[in-house]
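Values in this text are rule-based calculations from the coordinates and carry no lab data. Since the structure is predicted, the reported quantities are computational estimates derived from the model, not experimental observations.
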């Protein structure tokens, strides 16, 4: 009897692991970004999603979400209480990454900026390099052979969240 228990336990654990993996594969964009950015974005409307960034490789992802007007006060309170989000204006390095001629990451193929200049809001940055001393500091990403970071902006005026992830 005891010998039969071991294969049953292994099969049960395998089924459980596959079920959990399948749930994360079918997780919606709003839920995934809520988890990553530390905010409740489940009620936000997905306006735009593009890119080829996947869980298993290099690429980029651009997402624009519209937060409903009646959910903005709660979202802004979450942002203010979250140390990963900082009030604008951004650092010089952040401005350079978003809006300069080079190096810039957030331009479409025709050269236009993907994010508007936000004057009243907050920004989020996380350097996902394994050896990053301070994952919240953007200055450390320059001059590397590869880039792995997440950048987000929240525009208080429009209620939009702009999200960008890059892995090269």
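Some points to look at:
- Applying 0.36 nm per residue to the separation of residue 120 and residue 42 and subtracting their alpha-carbon distance, the gain on full extension is 25.8 nm.
- Applying 0.36 nm per residue to the separation of residue 70 and residue 92 and subtracting their alpha-carbon distance, the gain on full extension is 4.6 nm.
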